[in-house]
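Participant: After the structure tokens below, expect a handful of questions from me.
The values are calculated or read from the model by the stated rules, or taken from the named source; none is laboratory data. Everything quoted here is computed from the prediction, not taken from an experiment. Cβ placement follows ideal geometry from the backbone for every residue including glycine, while neighbour counts extend to all protein chains displayed. To get the accessible areas, we keep the full protein, side chains included, count just its heavy atoms, and leave off ligands, DNA and RNA. Shrake-Rupley method; radii C 1.70, N 1.55, O 1.52, S 1.80 Å.
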Amino acid sequence: MRTNTFHRFSLLAAAVFAVAAVTIYLIAPRISFAQTNGKSTSELHMCSLLSEADVAPIVGAHQIAQETKGGATCMWGDPGNDPSKLRLLIQAPSFAPTATDPLSGVNSVSRDKLESSFKANRKQAFDDKNAHAKDEPQLGKTAFSAFTDDGAEIIILKKSSLLNIRFITGKPGTTGNVEVIRKVAAKVAASF
């Protein structure tokens, strides 16, 4: 009988804890990344950075935003395996946090990783003659575009994030592909 009482108490305590956790989660205020003006990539939700009007000229109207990886990646367009379907993908990969640099307000180790990743991506794109990589000064001094085997991309290094805006067409990239995503790249970058 004592075991049954203990077992019932354990189940009740677990249920109360679960209800409390769900209640706190549901009523806690949500702060979007755009509202924080670039303070933390952990609060980032990429799908909230572009509207349907921004995305429609690229992949067509009525595309549902598909968020993955805790909000750091968003894709519009057909989620299937058909390579000829148009897709727009925006990402802001995060790096493991460590101590924040008091002068820049950015994690110094993460900043080093961001810069290293940007430089590696840039070098790879500029070394590949088929990529037709070029700097994008209108998007910042640390921004470039490149053709990919399946479309085009723009990569931008911001103070606390490395942004990748990718237009997937299923065909080798063109100048027109880069032009199509420049406007959304500027809007995404302005949110950081």
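Participant: Going down the table (Lys129/Lys158; Lys113/Lys171; Lys134/Lys158; Lys113/Lys158), which pairs top 20 Å between alpha carbons? Each step should come with its number before you reach the end.
Facilitator: Values: Lys129/Lys158 26 Å; Lys113/Lys171 31 Å; Lys134/Lys158 18 Å; Lys113/Lys158 12 Å.
Lys129/Lys158; Lys113/Lys171, as the Cα separations exceed 20 Å there.
Participant: Counting other Cβ atoms within 10 Å, keep those with at most 15, restrict to DSSP loop, and tell me which trypsin sites (Lys or Arg not before Pro) in region 57-90 are left.
Facilitator: Values: sites: Lys69, Lys85, Arg87; in loops: Lys85.
Sparse-neighbourhood loop trypsin sites (Lys or Arg not before Pro): Lys85.
Participant: Another question, then. Say each of Ser117 and Thr175 gets a label point 7 Å from the Cα, pointing the same way as Cα to Cβ; how far apart are those two points in nm?
Facilitator: It works out to 3.2 nm between the two label points.
Participant: Counting only heavy atoms of the protein chains, get the accessible area per residue of region 115-192 (1.4 Å probe) and round it to a whole Å² value.
Facilitator: Numbers: 3940 Å² over 78 residues.
Value for region 115-192: 51 Å² per residue.
Participant: Peptides 142-150, 111-119: what's the order by average Cβ count within 10 Å, highest mean first? Could you put the intermediate results ahead of the total?
Facilitator: On the way: 142-150: 20.0, 111-119: 15.6.
Per-residue Cβ counts within 10 Å, averaged per peptide and sorted highest first, yield 142-150, 111-119.
Participant: Efficiency by 1/(1 + (r/R0)^6): what FRET value for Phe126 and Lys159, r their Cβ-Cβ distance, R0 = 30 Å, to the nearest 0.05?
Facilitator: Numbers: r = 23 Å, r/R0 = 0.77.
So, using R0 = 30 Å, E works out to roughly 0.85.
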